[in-house]
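Read through the structure below, which is laid out as structure tokens, and then see the notes.
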Amino acid sequence: MEIFGYTAYRQISQLFFAILFFHGSEYILAVAIHGKKNVTLSSLLITKHYMIAMLFSLLEYSVEYSFCPQIKCHWWISNLGLAFVVIGEVIRKMAVLTAGRSFTHLIKVRHEEHHKLVTHGIYNYIRHPGYSGFLIWSVGTQIMLLNPVSTVAFAVVVWRFFAGRIPYEENYLRRFFGNEYGEYALRVPSGIPFVK
């Protein structure tokens, strides 16, 4: 039983650290880039649906740990999930830092003077690296916990969210940047599987 205590402690601690680091750094970067007066707590990206999803994942973990603790001991899978968390975090933060003031948490529906089309750095390889990074990060948290139901649920829900958001956002990007954005979109993949 002692080994299972360590397993749960390590996996849950990694989840909480990943959540705190992800959201804390999102807020800090938003303040550093846009200034404190232009940033609200919504920059933490914590919504009611997000909280429900994370609570469900903890419930799944608790139930599986209580009745089948051996399924939580596949360390190579858990460590693979941790690697996804780190990779997703790095991709997302590279997106934020590369785009600078052009990166916002809310879709811009009006073109502002400082809003530039960013196509260098990570944007040279992925059109929506912020979304791609979050998808990898969120699914990685569930692989790290060895939560099979939540892994599939997070993948489907986050994918569907971005599959709907990308066309909406790109409609405005095409309005703002015209053919320049159209050519860029043809050349660089979205970063979300099966979303052109």
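The values are calculated or read from the model by the stated rules, or taken from the named source; none is laboratory data. Only a predicted model underlies this, so the values are computations on that prediction, with no experimental measurement involved. Cβ: placed from backbone, ideal geometry, glycine included. Neighbour counts: every protein chain shown. Ligands, DNA and RNA are excluded from the accessible area calculation, which covers all protein heavy atoms including side chains. Shrake-Rupley method; radii C 1.70, N 1.55, O 1.52, S 1.80 Å.
A few comments on the model shown:
- Additional length obtainable on full extension of the chain from V152 to S66, 0.36 nm per residue less Cα span: 28.9 nm
- FRET efficiency for H111 and F161, using Cβ-Cβ distance with R0 set to 22 Å, rounded to 0.05: 0.35
- Only aspartates and glutamates eight or more places from K108 in sequence, or on another chain, were considered; those with a Cα closer than 12 Å are E169, E170.
- In the context of the full set of protein chains, the chain has a per residue accessible area of 57 Å² (1.4 Å probe).
- Burial order of peptide ranges 25-33, 178-186, 81-89, 143-151 (average beta-carbon count within 10 Å, highest first): 143-151, 81-89, 25-33, 178-186
- Full extension of the chain segment joining C73 with S13 gains 20.1 nm, where the gain is 0.36 nm per residue of separation less the Cα-Cα distance.
- If you take the Cα centroid of the range 172-194 and the Cα centroid of the range 129-149, the two points sit 25 Å apart.
- Its alpha carbons considered, the chain gives a radius of gyration followed by a Dmax of 18.3, 62 Å.
- Counting charges near L173 (Lys, Arg +1; Asp, Glu -1) among other residues having Cβ under 15 Å from its Cβ returns a value of +4.
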